[in-house]
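One structure is given below, encoded as structure tokens.
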Amino acid sequence: SQTIHQWPATLVQPVGSPLSLECTVEGTSNPNLYWYRQAAGRGLQLLFYSVGIGQISSEVPQNLSASRPQDRQFILSSKKLLLSDSGFYLCAWTLKAGQGTYEQYFGPGTRLTVT
Amino acid sequence: AQTVTQSQPEMSVQEAETVTLSCTYDTSENNYYLFWYKQPPSRQMILVIRQEAYKQQNATENRFSVNFQKAAKSFSLKISDSQLGDTAMYFCAFGMSFGNEKLTFGTGTRLTIIP
């Protein structure tokens with residue numbers, strides 16, 4: 001069975017510090033991967049998605065970047081955090097087109113607080 | 001571009017009663033998928049139910065069922081015999097069948113089950 005991991009679970013960082021959030025998927029290969037941000041009490045905002053190693057699409061211009069160094073690893077980064085980067089970050093995966101029904105499976109999330 | 005609208009920001013219902021959450025969407029496509037996700041206080045996103053647009057029969061999963069009206073572009077979720085564990089945010093989501101594997105999410109409905 002497939003599982004998705006995210007770490008850390010919680011993070012408190014000062015403004016201007018760097019960020020690295022990691023997401024890994026087990027039990028499947030060549031998945032599509034996604035990073036979402038959820039502000040308190042709000043819906044999901046798609047930040048980045050990736051269809052393969054080194055292939056990153058950005059949905060919203062922002063202070064963040066993403067990388068996919070390995071097939072099942074997706075990293076969200078920032079060189080200098082802003083207060084507005086605070087939120088709940090969710091990683092998700094899905095099968096490729098034609099392989100399934102496109103539901104996304106989510107990780108447990110990372111709660112980021114920028115102080 | 002597709003849009004998903006959830007017009008009920010908050011709802012509450014007595015335990016054991018039935019509740020219906022509304023979702024409408026806008027698309028020019030004919031083949032697509034629709035999903036309901038649940039986000040309990042733990043913030044883990046959990047798939048509740050999915051519906052393929054080409055299927056006329058409404059999907060059901062135990063106490064959860066949908067009313068899919070393709071012509072009206074409506075996709076409501078009915079929860080029967082509601083339980084305290086159903087307390088959560090519920091998100092409606094739209095996904096394309098071909099090529100574009102991104103999901104578009106609504107803004108969510110916060111459901112509270114009252115004991």
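Odds and ends about this structure:
- The residue list B:Q44, B:S12, B:A88 was ranked by how far each Cα lies along the charge dipole of segment B:3-114 toward its positive end, using unit charges on Cβ atoms, and B:Q44 comes out on top.
- For peptide A:27-38, the mean count of partner chain Cβ atoms within 10 Å of a residue's Cβ comes to 1.
- List of segment A:63-102 residues, accessible area with partners at least 10 Å² below that of the chain alone (1.4 Å probe): A:F88, A:L90, A:A97, A:T101, A:Y102
- Solvent-accessible area, 1.4 Å probe, carbon plus sulfur percent, for the protein assembly as shown: 49 percent
- Segment A:3-109, relative contact order [Cα under 8 Å, separation at least 6], %: 33 percent
- Cα gyration tensor, chain A - rounded (a/c under 1.5), prolate or oblate: prolate
- For segment B:1-91, size of Cβ-based charge dipole, Lys and Arg +1, Asp and Glu -1, in debye: 220 debye
- Using all pairs of distinct alpha-carbon atoms, the Kirkwood hydrodynamic radius of segment B:20-92 works out to 12.8 angstrom.
- For residues of A:41-47, the mean tally of beta carbons on other chains within 10 Å: 5
- Peptides A:91-98, B:4-11, B:48-55 ordered by packing proxy, namely the average of other Cβ atoms within 10 Å per residue, highest first: A:91-98, B:48-55, B:4-11.
- Across segment B:3-114, the relative contact order, built from alpha-carbon pairs under 8 Å that are at least six residues apart, equals 38 percent.
- Taking the Cα centre of the protein assembly as shown as reference, the dipole from Cβ charges on Lys and Arg (+1) and Asp and Glu (-1) amounts to some 360 debye.
- Buried surface for the B/A pair, taken as the accessible area of each chain alone minus that of the pair with a 1.4 Å probe, is close to 1900 Å² in total.
- Peptides A:8-18, A:39-49 ranked from most to least packed by the mean count of surrounding Cβ atoms within 10 Å: A:39-49, A:8-18.
- The distance from the alpha carbon centre of segment B:48-114 to that of segment A:79-107 is 19 Å, rounded to a whole number.
- Rolling a 1.4 Å probe over the protein heavy atoms gives segment B:1-79 an accessible area of 54 Å² per residue.
- Rounded accessible area per residue of chain A, 1.4 Å, Å²: 45 Å²
- DSSP finds beta bridges in chain B, and of those with both partners inside it, around 90 percent are antiparallel.
The values are calculated or read from the model by the stated rules, or taken from the named source; none is laboratory data. Source: prediction; values computed, not measured. Don't worry about glycine lacking a Cβ; one is built from the backbone with ideal geometry, like all the others, and counts go over all protein chains shown. Accessible surface is based on the protein model in full, side chains and every heavy atom, while ligands, DNA and RNA are left aside. Shrake-Rupley method; radii C 1.70, N 1.55, O 1.52, S 1.80 Å.
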